[in-house]
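Asks: One structure is given below, represented as structure tokens, and several questions about it will come after.
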Amino acid sequence: MRHAAIAWLVLAAQAAIRPAVPIDPITGILDGFRTHAVVALGEGDHGNEQIRVFFRALINDPRFPSTVNDILVEGGNAAYQGVVDRYVNGENVSEAEVRAAWENSTQTQIVLLAEHWAEGPAAIRALNARLPKERRVRLLLGDPPIDWNLIHTHDDFMKVLALRDSFPAELIRREVVAKHRHALVMFGGMHFQRKQIFSNYDMSNPIAQTIVSWLESGPSPIEVFNVWTAMGTDLPTLQPDIAAWRPPAFALLRGTVLGRADFKKFYATPRAAPPMQMENQFDAILYLGPTITFGQPSRDRCSDAAYMQAHYARMAIDGLPQAEIDRIKRICSQP
């Protein structure tokens, strides 16, 4: 009888695993704010055009400004927060001043992205121009402040780079949660893991911590609704009917085929990390479809010899191999 009962429980558990079901992605993300002050949306591969288009549709949805107060983004140097605040509020600030927040951040390859530095600030500035002052959306810069005039060695650089998860986590505590506001956070998805795959899910080392793990731990934990963004042709191999989903598509993960799949199915790595169910890492998934496109390099920056030389020097301090620097030189030399 005992073995029969165990077998029945196993069958019941298997039957409870249902396919992930797509819903309207904007509704799915905004619904996350019903129960969470912070919704974290992964960008997928940096620079992809599909997340750029989706972001614009999201913030221009009429429900957005009544739901979200702040947007926290990756790659903008927080030392420029005052400049960006004035810009998105419609003050007389040049785009060059705003662009500097991205070009002078810790992300030394930003020059390769299309004019993504302008997409967020310009779109939020346009949104705020249509809103009353009390409902305007604030753009928070999530990259720790760095002054490149003070960065001379790789060790100098690493001291700042080590803050790339703890800094935005503390920014969220101070500027969002403490002020009873709601924030959409947009970074690369690996910053939103609950357990760090690169440490084999051992979170005892501070270096293993992510934005989400910092927020959800400590004496005053803040629960995050986090969304993994998937792209390409791999997702239908886990659930075949996804091939018929119309992207962008959004689905909750808990108790689904996708939720029970190993996280390594979503993020390929040669590391021999133990199994980790996706639903224990993320709450939902945004699927951008099988075909992904990327913006072109910033041509005006590629043609600015002085700027590029300074940028290559920063990349060397960053520790990027010469082969990578040479690759960027080749891209910039293309017509």
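The values are calculated or read from the model by the stated rules, or taken from the named source; none is laboratory data. Because the structure is a prediction, the values reported are computed rather than measured. Every residue, glycine as well, gets a Cβ built from its backbone with ideal geometry; the counts of neighbours run over all protein chains shown.
Asks: Hey, could you check the stretch 243-279 for residues that are of a type in the set (S, T, N, Q) and surrounded by fewer than 17 Cβ atoms within 10 Å (Cβ to Cβ) and say which is farthest from residue 36 (Cα to Cα)? I'd like the intermediate steps shown before the answer.
Replies: The initial filter retains those residues of the stretch 243-279 that are of a type in the set (S, T, N, Q), namely 256, 269, 277.
The next check asks that each one be surrounded by fewer than 17 Cβ atoms within 10 Å (Cβ to Cβ); those that pass are 269, 277.
On the way: 269: 31, 277: 22 Å.
By that ranking, first place goes to 269.
Asks: Give, as residue ranges, the helices (runs of 4 or more DSSP H) completely inside the stretch 236-326 that count at least 3 residues that are over 23 Å from the mean Cα position of the chain (by Cα).
Replies: Numbers: elements: 257-260, 299-302, 305-318.
Of the helices (runs of 4 or more DSSP H) lying wholly inside the stretch 236-326, those with at least 3 residues that are over 23 Å from the mean Cα position of the chain (by Cα) span 299-302, 305-318.
Asks: Are any of the residues in the stretch 155-164 within 20 Å of residue 38 (Cα to Cα) and under 25 Å from the mean Cα position of the chain (by Cα)?
Replies: Filtering the stretch 155-164 down to residues within 20 Å of residue 38 (Cα to Cα) leaves 163-164.
Next, only the ones that are under 25 Å from the mean Cα position of the chain (by Cα) stay: 163-164.
Checked against the condition, which is being within 20 Å of residue 38 (Cα to Cα) and under 25 Å from the mean Cα position of the chain (by Cα), the stretch 155-164 yields at least one hit.
Asks: While we're on this one: What pairs can you find where one residue is in the stretch 128-155 and within 17 Å of residue 58 (Cα to Cα), the other is in a loop (DSSP other than H, G, I, E, B) and of a type outside the set (Asp, Glu), and their Cβ atoms are less than 6 Å apart, with a gap of 6+ or different chains?
Replies: Short answer, once both residue conditions are applied: 128/136; 129/90.
Asks: I'm told residue 307 meets every condition in (1) closer than 21 Å to residue 157 by Cβ; (2) of a type outside the set (A, V, I, L, M); (3) out of contact with any helix residue (DSSP H, G or I) (no Cβ under 7 Å at 6 or more places or on another chain) except one. Can you identify the failing condition by its number?
Replies: Just one mismatch for residue 307, condition (3).
Asks: While we're looking at this one, here's another question. Between residues in the stretch 223-234 that are farther than 15 Å from residue 258 by Cβ and residues that are among the small types (Gly, Ala, Ser) and not in a strand (DSSP E or B), which pairs lie under 6 Å by C-beta distance while being six or more apart or on different chains?
Replies: Sorted first by the residue in the stretch 223-234, then by its partner, the pairs are 225/32.
Asks: Now for a separate question. Can you name every residue in the stretch 221-236 that is among the polar types (S, T, N, Q) and at pLDDT below 95?
Replies: Our first condition is that a residue be among the polar types (S, T, N, Q); within the stretch 221-236, this holds for 226, 229, 233.
Correct list: 233 only.
Asks: If residue 171 satisfies every condition in (1) farther than 18 Å from residue 76 by Cα; (2) touching a Leu at 6+ places or on another chain (Cβ under 7 Å) but one, which is the exception?
Replies: (1)
Asks: Continuing with the same structure: Tell me, please, whether a residue that is assigned to a loop (DSSP other than H, G, I, E, B), under 19 Å from residue 73 (Cα atoms), in contact (Cβ under 8 Å) with a residue 40 or more places away in the chain and among the aliphatic types (A, V, I, L, M) can be found in the stretch 181-198.
Replies: No, the conditions are met nowhere in the stretch 181-198.
Asks: Residue 80 - would you say it is under 26 Å from residue 307 (Cβ atoms), among the aromatic types (Phe, Trp, Tyr), touching a Leu at 6+ places or on another chain (Cβ under 9 Å) and in contact (Cβ under 8 Å) with a residue 40 or more places away in the chain? Working first, answer last.
Replies: On the way: under 26 Å from residue 307 (Cβ atoms): yes; among the aromatic types (Phe, Trp, Tyr): yes; touching a Leu at 6+ places or on another chain (Cβ under 9 Å): yes; in contact (Cβ under 8 Å) with a residue 40 or more places away in the chain: yes.
Here the answer is yes, as residue 80 does meet what is asked.
Asks: Still on this structure, please answer the following. From the residues in the stretch 189-242 that are of a type in the set (Gly, Ala, Ser) and touching a Ser or Thr at 6+ places or on another chain (Cβ under 9 Å), which one is surrounded by the fewest Cβ atoms within 10 Å (Cβ to Cβ)? Don't jump to the end; show me each part of the working.
Replies: The initial filter retains those residues of the stretch 189-242 that are of a type in the set (Gly, Ala, Ser), namely 189, 199, 204, 208, 213, 217-218, 220, 230, 232.
This time we only want the ones that are touching a Ser or Thr at 6+ places or on another chain (Cβ under 9 Å), so: 189, 208, 232.
On the way: 189: 24, 208: 18, 232: 14.
For the stretch 189-242, the residue satisfying everything is 232.
Asks: Given the residues 134, 119, which is the only one that is of a type in the set (Asp, Glu), touching a Lys or Arg at 6+ places or on another chain (Cβ under 9 Å) and either in a helix (DSSP H, G or I) or at pLDDT 95 or above (or both)?
Replies: Details: 134 fails: touching a Lys or Arg at 6+ places or on another chain (Cβ under 9 Å).
Result: 119 is the single residue among 134, 119 that is of a type in the set (Asp, Glu), touching a Lys or Arg at 6+ places or on another chain (Cβ under 9 Å) and either in a helix (DSSP H, G or I) or at pLDDT 95 or above (or both).
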